[in-house]
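No value in this document is a laboratory result; all are computed from the given coordinates. Predicted model only: the values in this text are computed from it and were never measured. Here the Cβ positions follow ideal geometry from the backbone for every residue, glycine too, while neighbour counts run over all protein chains shown.
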There are 4 protein chains.
Amino acid sequence: MTIKVGVNGYGVIGKRVADAVRAMPDMDLLGVADVATDWRVRTAAGLGFGVFAATPEADTAMREVGVPVSGTLTDLLDQVDVVVDTTPKRVAAGNLEAYRAAGVKAVFQGGESHATTGHSFVAQANYETAVGRDTTRVVSCNTTSIVRVLGALQQAGLLARARGVLIRRATDPGESHHGGIMNTVVPEASIPSHQGPDARTVLPDLDVVTMAAKAAHTQSHNHFWTLQLTRPASREEVLDALRAAPRIAFIRMSDGLTALNTTVELMRDLGRPRGDMWEVAVWEDVLSVAGDEAYLTYQVYNEAIVVPETIDAIRALTGTVTDGAASIATTDEILGVRREFLPERVEAMPA
Amino acid sequence: MTIKVGVNGYGVIGKRVADAVRAMPDMDLLGVADVATDWRVRTAAGLGFGVFAATPEADTAMREVGVPVSGTLTDLLDQVDVVVDTTPKRVAAGNLEAYRAAGVKAVFQGGESHATTGHSFVAQANYETAVGRDTTRVVSCNTTSIVRVLGALQQAGLLARARGVLIRRATDPGESHHGGIMNTVVPEASIPSHQGPDARTVLPDLDVVTMAAKAAHTQSHNHFWTLQLTRPASREEVLDALRAAPRIAFIRMSDGLTALNTTVELMRDLGRPRGDMWEVAVWEDVLSVAGDEAYLTYQVYNEAIVVPETIDAIRALTGTVTDGAASIATTDEILGVRREFLPERVEAMPA
Amino acid sequence: MTIKVGVNGYGVIGKRVADAVRAMPDMDLLGVADVATDWRVRTAAGLGFGVFAATPEADTAMREVGVPVSGTLTDLLDQVDVVVDTTPKRVAAGNLEAYRAAGVKAVFQGGESHATTGHSFVAQANYETAVGRDTTRVVSCNTTSIVRVLGALQQAGLLARARGVLIRRATDPGESHHGGIMNTVVPEASIPSHQGPDARTVLPDLDVVTMAAKAAHTQSHNHFWTLQLTRPASREEVLDALRAAPRIAFIRMSDGLTALNTTVELMRDLGRPRGDMWEVAVWEDVLSVAGDEAYLTYQVYNEAIVVPETIDAIRALTGTVTDGAASIATTDEILGVRREFLPERVEAMPA
Amino acid sequence: MTIKVGVNGYGVIGKRVADAVRAMPDMDLLGVADVATDWRVRTAAGLGFGVFAATPEADTAMREVGVPVSGTLTDLLDQVDVVVDTTPKRVAAGNLEAYRAAGVKAVFQGGESHATTGHSFVAQANYETAVGRDTTRVVSCNTTSIVRVLGALQQAGLLARARGVLIRRATDPGESHHGGIMNTVVPEASIPSHQGPDARTVLPDLDVVTMAAKAAHTQSHNHFWTLQLTRPASREEVLDALRAAPRIAFIRMSDGLTALNTTVELMRDLGRPRGDMWEVAVWEDVLSVAGDEAYLTYQVYNEAIVVPETIDAIRALTGTVTDGAASIATTDEILGVRREFLPERVEAMPA
């Protein structure tokens, strides 16, 4: 069976999900819906996506300015098995009723509350509990990274307590008019920030507290963690726990990957679509263990990290793949998810 | 005949030239040379490029850290017809002797002086004069854009005098330690800045003066021009002159393409390698004509604009293609150079 | 007579005007009005300014959170001869009726249209025409700088035509949530930008066209000008014309003043309040003349440049000083306006 | 006795120390030494500081360009009791011998190692141990803030363990050519970062680990701390411990002080020289306590925080004041150090 998918919201996440769905062998993308009439939605049309108007007003507006409209959101919902809702925060929850009415399963994003769907999703942690459900919520970029990394250590029996500081990007790189901050840092107004509690919607037993701040850059978040381990452990044990989990890749300062933008440049050099990084990039040579405490820092490419999770969530809801590991393997192979970005070093060569 | 090409210098320009050479049907990329031993050159190896050590010291250093080395620059020069020198400013001119000694033709970049090669190159302006030469210099990103745009107007007999202000990016996006400026603008210390005179190495009759400043961003330059026309002209005449030249694309504020970073995002959405834009992007709906004066602004994507010119320069030196227009057409088709980035608007559709 | 002044709007401009009014020997500051209830207005109270509520709602809100309120705007207007309106763009024009009703003269800022008051003001250009009027508008920071510099050259009979490019700061340095742009340049959507025509509200005979863009910094604008002179002139003649006008200071690249932020640091070192620069800072050693064309660049410290003009406008409206030059001299002496920021060099000293 | 002081190094710290020394009733500033010949040292001369050449080469260079030179560093050392060395990192330690030879006591800055002087200084923690010494080292801005805050909690018997993340500014605001980073975050290459161990040079019993990163802004650092308390405590107890220590001020998100740049703007509004903040600014309403853990964030104004400590260190070395609290009180009164920046709220007023 080929899963018929629609994407509602052609923004930072939606456009990446659309590309990823199109690449999957077991999925068909039937179209994208939005309310925009500008270059973004016209680009979608130029790429051959069916463009649907998300509202009646958008339908009128799109037709007026000459966007080739394939129909309304209702038309799109009539044709699909699953809709991925990547509309903005305030809009998404309100769409739930329309999806239910159309009998369409729905994947929401981390901007929505857990209560909207009653299920929060990170593939490696709880794929199986989403199988056959009508809806789920792929948690946010930050929360996804937390579940991947802390979940890996919890799975290995190593994690007692985690305290994190999240340096977030301020706004998206293609965005020039909204959300920019300049020459400052903006701390979140309360502690704990929401990401820690949010991770517990997926891993209820995590003992986690997060603090967060926005810094003056546009691409990717940088997390710093102090981890209380369940026992004194070696650095190698901690690394092994991370190696056992999917979608975590190692980078190294000693390779010259010394800053968020360097990693972004590496992704561009690797020929990835839009320079995306789906993996959590953990600095292997910065990770440090002292007795029963571990300290680490990693990079979260917020524009793309939830894309593979979203693909898996589609499969889980439809029940076409019931084994999370199998879905993850398919998704990661098609996208090109990696554990290391650089080739292995060769034996010292004679000149 | 397939042209055998080597690239010396795997940096911002070199890596893009390497990719473009590999894509051309009439070229073979035999390897890239560099002195780095870090992620950059290891990425090149991972992408399947033969990696050559640009110096004996680099040879030793690369082997020590396990980079798979295919040989030295001398080895590379032994195998190629043309080398593209994309090494840093101070280094490139010094390589000329080595290239001559190896009997290899060489394309230099705009960081070098005109005197180094005695010939400066922009394909649409003077391809033919480079045919069969041993060396040429593809002019810098800024100068290339000036020659394309002002050259088009000069060609149409419209341009009497051009006065430009260039808002330059401060450093490259993947670079975190060198050249960054923060929360400031840095005007060039003298007027005219060098780009105006540099354009006259290609178009000697241009009456052009430029002023320049670095602003606090990393991607692409923004030029503003006041043009004294030879006679009162209509806006449509000026646009037609631009439409007649290659590698100029139109963008529009009315499409929501309102800032440099929006255009960069569009390139990413179009699936271009590294989000590159090879075209000069002229804001069509900002261009304004009043009597015998025209005013316009355009965007120069400095990381990639000289790549198609470099490909053409390779062909010109070897003499395999003697017609500039033919070379341009091949290059642009393979790369996917465009005149418009968005699909045409459809007739107003009935709902 | 001491002029009784109120300031309506305690923002970037208003707070500076309040300080300047307080410093003038012939003025009394009777209070500032605003609608804010946060640190800004509480700071005003802490500095000993009488704080008035600009609206009934603000009155309630201020009292609720414990701001010491001296009364309402109406109360303030009852006590003053002149009000300086430094409220935001959309608000200011609507206040005119209230000022008229209270029989209070009013100085508006450049965010308002010329039509609001029918008179636009730059002290050196048209002080005398404002004497005794009920209202005037101090033009914006950019326009003020244009009138000072181009006006000086026009005054000297040197200026035929001016074409300028304005690199503007994106938002104010204390502002973190509104107006920020990141890693981009945002060109104005049409040419000419409004500053050129706006300068003609003060100097009707100027032949001036401006283009503008916002760059990614927060402090001060950077203008670049191509000037068609009425005749071939020497560099010294052009400099002399600038020296003859007030509120223009010279800076030099050769002194290491190489960027906007360096000049800002100099102002801080000079002990100026808030690091303000009231002068247009012209790079003396960048200014260049070729035949009958001159090229120059200068820096406009947008937060403060209109403060001395506003002080002069207060005097002009009240008619207490009828000679513009006298008012300028007083204002500049009290504020500490300068022509040079560095001490003169001494004769080469023996060691 | 009036302490005769010289400042060697007129940079970001040196110029502030010079101003502060000049303001102290018990100190005389006899001059500043530097090697620069540009606007910075000429500004010092313009402010009436005696300018001394720090090296023979600088002496020649300064005289050549017309800086009024009062003599060499040796001449300055001949006249002073104490020199404050604020030269760059690599330079300072090398000066120690010259100071010893001249019989002059010396205060170094945090860029030097503890071993250089054998004593590290934060006034509130260990003033008394510096009394009468020949040299001491005022620790860095980050370390000073750590000692102030963690030391206060340790003093109150509340602190068991501290784990911190430091978001540092990338370079200084007046600096345009060195150290800038753009659109990125640069994590320190190893954990722990040096600030934690450095704090133990003053407070040897601290159990502290720090991680650090540079973010893309120029003014002030932002620290986030997870504190293991010795016992469950109330939020009020933690606040009281901070209130008991000097040079800590409280700010609040609820007052609209929501970001680093907002606080900087507040300092400018308060009329402080250069907009300096000498206090550690702790966000009172963000500080949170859960059982035996506390979480807090504060702002470190790196350009000025060590200035009061440096003043105290001068007194300690000379032994003119043997009681640290007395020196702190004098310094803070003269500078205007505060515990709160906003006036207290008034009782709800009737309208």
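Summary of computed values
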quantity	calculated
Relative contact order (%) - criterion: Cα under 8 Å, at least six apart; region: region C:141-300	29
Computed label-point distance, nm, for sites residue B:177 and residue D:244 using a 7 Å Cα→Cβ extension	4.5
Nm distances between copies for residue B:64, ranked from closest, using label points 7 Å along Cα→Cβ	3.8, 6.8, 6.9
Shape category assigned to region C:212-328 from the gyration tensor of Cα positions, a/c cut at 1.5	oblate
Magnitude of the charge dipole, chain B, Cβ model with Lys/Arg +1 and Asp/Glu -1, debye to 20	440
Förster-model FRET efficiency, 41 Å R0, residue C:61 and residue A:205, C-beta, rounded to 0.05	0.35
Relative contact order computed over chain D (Cα-Cα under 8 Å; 6+ residues apart), in percent	17
Amide H within-cut-off set for residue B:28, under 5 Å, with H built and near neighbours excluded	B:3, B:4, B:5
For chain C, average projected area of the Cα convex hull in nm²	19.5
Cα lying deepest toward the dipole's positive end in chain D, options D:30, D:151, D:11, charges on Cβ	D:11
Distance in nm between pseudo-label sites at residue B:129 and residue D:334 (7 Å out along the Cβ direction from Cα)	7.0
For region C:110-119, Karplus couplings with θ = phi - 60° (6.51, -1.76, 1.60), whole Hz, Gly/Pro x	x, x, 7, 7, 4, 5, 4, 10, x, 8
Shape of region D:70-195, Cα gyration tensor, a/c cut at 1.5	oblate
Rounded tilt (10° steps) of C:324-335 against the dominant C-alpha axis of chain C	80
Cross-link pairs A:214/D:214; D:15/D:89; A:15/A:105; C:15/C:89; D:105/D:214; B:15/B:105 - those with Cα-Cα distance over 23 Å	D:105/D:214
The protein assembly as shown: mean projected area of Cα convex hull, nm²	53.6
Ascending list, in nanometres, of distances separating the residue C:23 label from those of the other copies (7 Å, Cα toward Cβ)	1.8, 5.8, 6.0
Per-residue [θ]222 nm for the protein assembly as shown (sum of -39500 (n - 2.57) over DSSP H runs n ≥ 4, rounded to 500)	-10500 deg cm²/dmol
Rotation relating D and C, chain C residue nearest the axis via C-beta, angstrom	C:183, 2
Region C:10-70 versus region C:112-167: alpha-carbon centroid distance in Å	29
Inter-label distance for residue C:22 and residue B:22, nm, one decimal - labels placed 7 Å from Cα along Cα-to-Cβ	6.6
Cβ-based charge dipole, region D:141-300, positive-most Cα from D:227, D:210, D:241	D:210
For region D:141-300: rounded, prolate or oblate by the Cα gyration tensor [a/c cutoff 1.5]	oblate
Label 7 Å beyond Cα on the Cβ vector: residue D:197 copy-to-copy distances, nm	4.0, 5.2, 6.5
Rounded to the nearest 20 debye, dipole of region B:207-351 from Cβ charges on Lys, Arg, Asp, Glu	340
Region C:141-300 - charge dipole about Cα centre, Lys and Arg +1 at Cβ, Asp and Glu -1, debye rounded to 20	220
Directionally averaged projected area (convex hull, Cα atoms, region B:53-112), nm²	4.2
